[in-house]
Amino acid sequence: MSAAPEVYSPGLEGVIAGETAVSTITGGLRYRGYPVTELAEKATFDEVAYLLLHGELPMRAQLADFQKRVASARRLPQPLLELLRTIPRTTPPMDAVRSSVSVLAHFDPDTEDNSPAANLRKAERLLGQIPVAVAAFYRLSNGLPVIPDRSDLGQAANFLYMLRGTEPPPAAVRAFDVSLILYAEHEFNASTFTARVVCSTESDLHSAITAAIGALKGRLHGGANEKVMDLLRAAGGPETAEEWVRDALARKERVMGFGHRVYKTGDVRAGILKEYARRAAEASGDTKWEETAAVIERVLASEKNLFPNLDWPAGRLYYALGLEVPLYTPIFVMSRVAGWSAHVMEQLAHNRLIRPRSRYTGPEVKGVKPLAERG
Ligand SMILES: CC(C)(COP(=O)(O)OP(=O)(O)OC[C@H]1O[C@@H](n2cnc3c(N)ncnc32)[C@H](O)[C@@H]1OP(=O)(O)O)[C@@H](O)C(=O)NCCC(=O)NCCS
C-alpha cells in the first residue's frame with residue numbers, strides 16, 4: 001500500500017497524471033511548441049503528423065520521404081479486406097476501424113517490437129492504413145468496389161478521393177486538412193490517456209491504439225461530432241432552434257458539441273474551424289445548419305455559459321462536404337492516431353506503470369459462510 005496521502009478528484013479533473021512534451025493547453029494549444037492557430041494557417045496535416053511523431057516540423061525532403069513511407073503503407077492485408085467485406089453492413093464504422101487496427105497487428109512485422117524505431121514505423125504505417133480501412137469499409141458496406149489510393153495525394157486529399165474516386169476541389173481539401181490538424185493532438189484527453197495506460201503495461205502500440213479508438217467512440221469524447229448533425233436536424237432549423245434548445249436544456253439533456261473539461265470559456269479550435277464550416281456550407285448552397293447552429297450557440301452562451309468545442313463545427317463541415325455522418329468519428333481517428341502514437345512513444349521512453357488507487361465505497365468486512373450454510 002502506498003504511503004502517499006489520498007487525493008481524490010472525480011473524473012481525475014485537474015489531476016496532473018503525467019508529463020508530456022507533445023502538446024500543452026496552457027497559454028493556448030501548442031503542438032511541440034507551435035501554436036495550433038499558426039499550424040492551421042501555415043502547415044498541412046502531413047507536416048503536423050510528422051511534427052508529432054518526429055518532434056520537429058519537416059524540411060521539404062523529410063516531408064517528401066515521410067509522405068512516401070505513409071503512402072506505401074496504404075494497403076490492407078487481404079484477410080482484413082475480407083473481414084470488412086463480410087462484417088454486417090450495419091456495423092458502425094468506428095467499430096470497423098477499431099477491429100481493423102486490431103487485425104493489422106497480426107500482419108505487422110513489428111507488432112511485438114517496442115523499440116522507438118519499430119514504434120515509429122508502426123505509427124507511420126497506421127497513419128497510411130487507417131484511412132484506407134475507413135474508406136474501404138465505407139465503400140464495401142454501401143455495396144461499392146474499393147478505390148485504390150492515389151500515392152501522389154496527401155492524407156486529406158487521398159482520403160476524400162478514396163471515398164468517391166474523384167479528386168475533391170482544393171477548398172474542400174484544405175478545409176478537411178485543417179480539421180485533421182485540429183484533431184491531431186490534445187494532451188491527456190480520455191483516449192490518449194487510455195493509450196498511455198495500455199502501453200504503460202509494456203503492451204504494444206496496436207493494442208494501445210485499439211483501446212484508444214474504443215475510448216474515442218463515446219459521445220462525451222470523439223463520438224460527439226457524429227451527434228452534432230442529429231442534434232441540428234432535431235432542432236429543425238433557425239426558426240425552431242431556440243425553442244428546441246431551451247426545451248432540451250429544461251429536460252437536462254446534454255447538447256453535443258458544447259462544453260469541455262478543460263476549456264470553460266471556449267475552444268480556440270472551434271473558432272478556427274467555424275470559418276471553414278461556414279464557407280463549405282456557402283459553397284454547398286445550403287446554409288440552413290449554419291444559421292441553426294448560430295441560434296443554438298447564442299442560447300447556450302447566454303443561458304448556460306457553455307461554448308462550442310471542436311466537434312461542433314467539425315460535424316457541420318463534414319456534412320457540408322457531403323460526408324456521411326458515421327464517418328465523422330473515424331475521421332477523428334485518422335488524425336488522432338498521430339497524437340496517440342507520439343504519446344505511446346513518449347510513455348515508453350519514460351515508463352512507469354499507470355496504476356492509480358480507488359476510494360472504496362462497498363460494505364464493511366463480512367465473513368464468508370460456506371455454500372452449505374448460505375441456504
Ligand atoms: C465534454 C464534457 C463531458 C465535459 O464535461 P465535464 O467537465 O465533466 O463537466 P460536467 O459533465 O461535470 O458538467 C458540468 C455542468 O455543465 C453542464 N454541461 C456540460 N456540458 C454540457 C452540454 N454539452 N450541454 C448541456 N449541459 C452541459 C452539465 O450538465 C453540468 O451541469 P450541472 O452542474 O447543472 O449538473 C461535457 O461538456 C459534455 O458532455 N459535452 C457534450 C459532449 C461533447 O461535446 N463532447 C466533446 C468534448 S471535446
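Here, each number is a calculation from the coordinates, and none is a lab measurement. Since the model is a prediction, treat every value here as computed from it, not as a measurement. With ideal geometry, Cβ positions are generated from the backbone for all residues, glycine too; neighbour counts draw on all protein chains shown.
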So Val7 and Arg60, fully extended at 0.36 nm per residue minus their Cα-Cα distance, gain in nm 14.3 nm
Normalised Cα Rg of segment 1-64, dividing by 2.2 N^0.38 Å with N its residue count, works out at 1.59
Ordered by number, the GluC sites (Glu not before Pro) in segment 1-105 that occupy a DSSP loop and have at most 15 other Cβ atoms within 10 Å are Glu6, Glu13, Glu19, Glu56
Using alpha carbon positions and the Kirkwood radius, the Rg to Rh ratio of segment 275-356 is 1.16
At R0 = 56 Å the Cβ-Cβ FRET efficiency linking Ala301 and Ser72, nearest 0.05, sits at 0.75
Given unit charges at Cβ for Lys, Arg (+) and Asp, Glu (-), the dipole magnitude of segment 1-156 about its Cα centre in debye, nearest 20, is 620 debye
Using alpha-carbon coordinates alone, the radius of gyration and Dmax of segment 196-282 in Å work out to 17.1, 54
Looking only at aspartates and glutamates whose Cα falls under 14 Å of Lys304's and that sit 8 or more positions away or on another chain, we get Glu242, Asp247, Glu253
Per DSSP, the loop-located GluC sites (Glu not before Pro) within segment 185-232 having at most 15 other beta carbons within 10 Å are Glu202
Between the modelled labels at Ile16 and Thr287 (7 Å from Cα along Cα→Cβ) the distance in nm is 4.7 nm
Simple SL model, points at 7 angstrom along Cα→Cβ for Arg164 and Lys366; separation in nm is 6.1 nm
Most packed first (mean Cβ within 10 Å per residue), the peptides 215-223, 350-358 order as 215-223, 350-358
For segment 256-315, the percent of all C-alpha pairs falling in each 10 Å bin, from 0 up to the bin holding the max distance, is 24, 55, 19, 2
What one gets for the chain as the Kirkwood radius, inverse of mean 1/r over different Cα pairs in Å, is 21.9 Å
With +1 on the Cβ of every Lys and Arg and -1 on the Cβ of every Asp and Glu, the dipole magnitude of segment 301-364 about its Cα centre, in debye rounded to the nearest 20, is 280 debye
Semi-axes a, b, c in Å (a largest) for segment 126-210, each sqrt of 5 times a Cα gyration tensor eigenvalue, come to 28, 17, 10
Hydrodynamic calc, segment 26-179: Kirkwood Rh from Cα pairs, then Stokes-Einstein at 37 °C with viscosity 0.692 mPa s, so D in µm² s⁻¹ is 198 µm²/s
If amide H atoms are modeled at 1.01 Å from N in the peptide plane, then the residues at a separation of 5 or more from Leu310, or on another chain, having amide H under 5 Å from its own are Ala270
The size of the Cβ-based charge dipole (Lys, Arg +1; Asp, Glu -1) of the chain about the Cα centre, to the nearest 20 debye, is 640 debye
In Å, the Kirkwood estimate of hydrodynamic radius for segment 111-173 over Cα pairs equals 12.9 Å
Filtered hits (lysines, Cα-Cα < 18 Å from Lys68, offset >= 8 within chain) -> Lys122
Per-residue Cβ contact counts at 10 Å, fewest first, order Asp108, Asp65, Asp267 as Asp65, Asp108, Asp267
Once amide hydrogens are built 1.01 Å from N within the peptide plane, the residues lying 5 or more places from Tyr31 or on another chain with amide H under 5 Å from its amide H are Val36
Per the 1/(1 + (r/R0)^6) rule, R0 = 30 Å and r from the Cβ atoms of Glu82 and Ile354, FRET efficiency to 0.05 is 0.25
Out of Asn114, Ile25, Pro308 - ranked by how far each Cα lies towards the positive end of the dipole of the chain, with unit charges on the beta-carbon of charged residues - the top one is Asn114
For segment 334-375, the Cα gyration tensor yields equivalent-ellipsoid semi-axes (√(5λ), largest first, whole Å) of 46, 14, 11
Note on segment 1-115: C-alpha Rg/Rh, Kirkwood Rh, two decimals, gives 1.08
Taking the dipole of segment 144-202 about the Cα centre (Lys, Arg +1; Asp, Glu -1; charges at Cβ), the one of Gly165, Ile181, Thr192 that reaches farthest to the positive side is Gly165
Largest first and rounded to whole Å, the semi-axes √(5λ) derived from the alpha carbon gyration tensor of segment 239-284 read 23, 19, 7
Of all stretches in the chain that avoid chymotrypsin sites (Phe, Trp or Tyr not before Pro) placed in a DSSP loop and having at most 12 other Cβ atoms within 10 Å, the longest is 9-359
